[in-house]
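Chemist: Just dropping this structure here.
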Amino acid sequence: MNFSVQPVLENEELQLIPLQQGDFESLYEVASDPKVWEQHPNKDRYRREVFESFFLGAMESKGAFKIIEKATGDVLGSSRYYNFDENDSHIFVGYTFYGTKSWGKGINPQVKKLMLDYIFQYVDKVHFHIGKENFRSQKALEKLGGNKIAEEEVAYYAEPTRTNFVYEIKKEDWA
């Protein structure tokens, strides 16, 4: 892999900064709202001990970001790159969540644009795991041009296996 999966990415409104151990409390403050996880495969990530495992997985991925609103400095959520496949020239983007105050404000499309614009310099396809009951994320990804290509069982870090849909966006369709 001749590229970083943890660069600093930013636009006028947002900054994606590599996640650090010291970010736990500010990120957990966002994640501690049960509404954030209602449609996610693992609905109890709002519980501190469950989120601790989620955060540890994010740190170990070495591809996770905290998402900052530049105007206020507020932490809005997190996303990450993971599971790079050099042979198939694809990588996953996911484990994304935002606090409810960010919902409906165009944050997710901006974050995905930053992440996709960057990573398409290095890969031909980006895949996304989305829980089969996470209709909000499915709709959001379809708006970005994602196509459902598979269904698979995914074991998230230290969490039970859940059924996920795999969505794909190809570089030539993104450009």
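Chemist: Name the residues whose placed amide hydrogens come within less than 5 Å of the amide hydrogen of residue 84, ignoring near sequence neighbours (fewer than 5 apart) on the same chain.
Modeler: Here the answer is 92, since their amide H atoms fall under 5 Å of that of residue 84.
Chemist: Residue-wise, which Karplus ³J(HN,Hα) couplings in Hz belong to the range 99-104, taking 6.51 cos²θ - 1.76 cosθ + 1.60, θ = phi - 60°, and x for glycine or proline?
Modeler: x, 4, 5, 8, 5, x
Chemist: Right, something else. Enumerate the amide H contacts of residue 76 below 5 Å, restricted to partners 5 or more residues apart or on another chain; note that Pro and chain-start residues carry no placed amide H.
Modeler: Hits under the 5 Å cutoff: 67, 68, 69.
Chemist: I've got another one for you. Whole-Hz ³J(HN,Hα) for each residue in the range 60-65, computed from phi via Karplus 6.51 cos²θ - 1.76 cosθ + 1.60 with θ = phi - 60°, x for glycine and proline: what do you get?
Modeler: 5, 5, 6, x, 8, 10
Chemist: Loop only by DSSP, 16 or fewer other Cβ within 10 Å of the Cβ. Give me the trypsin sites (Lys or Arg not before Pro) in the range 88-175 that pass, ordered by residue number.
Modeler: 105, 132
Chemist: Relative contact order of the range 88-175: what whole-number percent is it, with Cα pairs under 8 angstrom and at least 6 residues apart? Provide the component values of the computation, followed by the final result.
Modeler: Working: 103 pairs, mean separation 28.4, N = 88.
Relative contact order, the range 88-175: 32 percent.
Chemist: Follow-up question, since we're still on this one. Could you please report the charge total around residue 133, scoring K, R as +1 and D, E as -1 over all other residues with beta-carbon less than 12 angstrom from its beta-carbon?
Modeler: Values: positive: 43, 132, 136, 162; negative: 38.
With Lys, Arg at +1 and Asp, Glu at -1, the neighbours total +3.
Chemist: Accessible area per residue, 1.4 Å probe, Å², for the chain: what's the number? Don't skip to the end; give the middle numbers.
Modeler: Details: 8770 Å² over 175 residues.
Spelled out: the 1.4 Å probe surface of the chain, per residue, equals 50 Å².
Chemist: For labels at residue 49 and residue 87 in the simple 7 Å Cα→Cβ model, what's the distance in nm?
Modeler: 4.0 nm
Chemist: If you don't mind, another one. Are there GluC sites (Glu not before Pro) in the range 29-138 that DSSP puts in a loop and that have at most 11 other Cβ atoms within 10 Å, and which ones? Let's see the in-between values first.
Modeler: Details: sites: 29, 38, 49, 52, 60, 69, 86, 133; in loops: 38, 86, 133.
Here the sparse-neighbourhood loop sites are 86.
Chemist: First check a/c for the range 27-113, with a ≥ b ≥ c the square roots of the eigenvalues of its C-alpha gyration tensor; if it is under 1.5, answer rounded, and if not, answer prolate when a/b is larger than b/c or oblate otherwise. Before the final figure, lay out each step's value.
Modeler: Numbers: a/c = 1.77, a/b = 1.24, b/c = 1.42.
Oblate.
Chemist: Express the Stokes-Einstein translational diffusion coefficient of the chain in µm² s⁻¹, to the nearest whole number, given a Kirkwood radius over alpha-carbon pairs, 4 °C and a viscosity of 1.567 mPa s.
Modeler: Using the Kirkwood radius from Cα pairs, D works out to 80 µm²/s.
Chemist: Continuing with this model, one more query. Taking θ as phi - 60°, what are the ³J(HN,Hα) couplings along the range 90-96 by the Karplus curve (6.51, -1.76, 1.60), each to the nearest whole Hz, with x for Gly and Pro?
Modeler: Per-residue couplings from phi come out as 9, 9, 9, 10, x, 6, 7 Hz.
Chemist: Okay, next question. Leaving out ligands, DNA and RNA, and with a 1.4 Å probe, what % of the accessible surface on the range 4-62 is carbon or sulfur?
Modeler: Numbers: 1460 of 3030 Å².
Carbon plus sulfur share of accessible area: 48 percent.
Chemist: Taking Cα centroids, how far is the range 101-166 from the range 1-57 in Å?
Modeler: For the range 101-166 versus the range 1-57, the Cα centre distance is 14 Å.
Chemist: Would you work out what percent of the accessible area of the range 84-175, with all protein chains in place, is carbon or sulfur (probe 1.4 Å)? Intermediate values should be presented prior to the final figure.
Modeler: Details: 2280 of 4790 Å².
Exposed carbon and sulfur together represent 47 percent of the surface.
The values are calculated or read from the model by the stated rules, or taken from the named source; none is laboratory data. Everything numeric here is computed off the predicted structure, so don't read it as measured data. With ideal geometry, Cβ positions are generated from the backbone for all residues, glycine too; neighbour counts draw on all protein chains shown. Remember, those area values only see protein heavy atoms, side chains included, never the ligands or the DNA or RNA. Shrake-Rupley method; radii C 1.70, N 1.55, O 1.52, S 1.80 Å.
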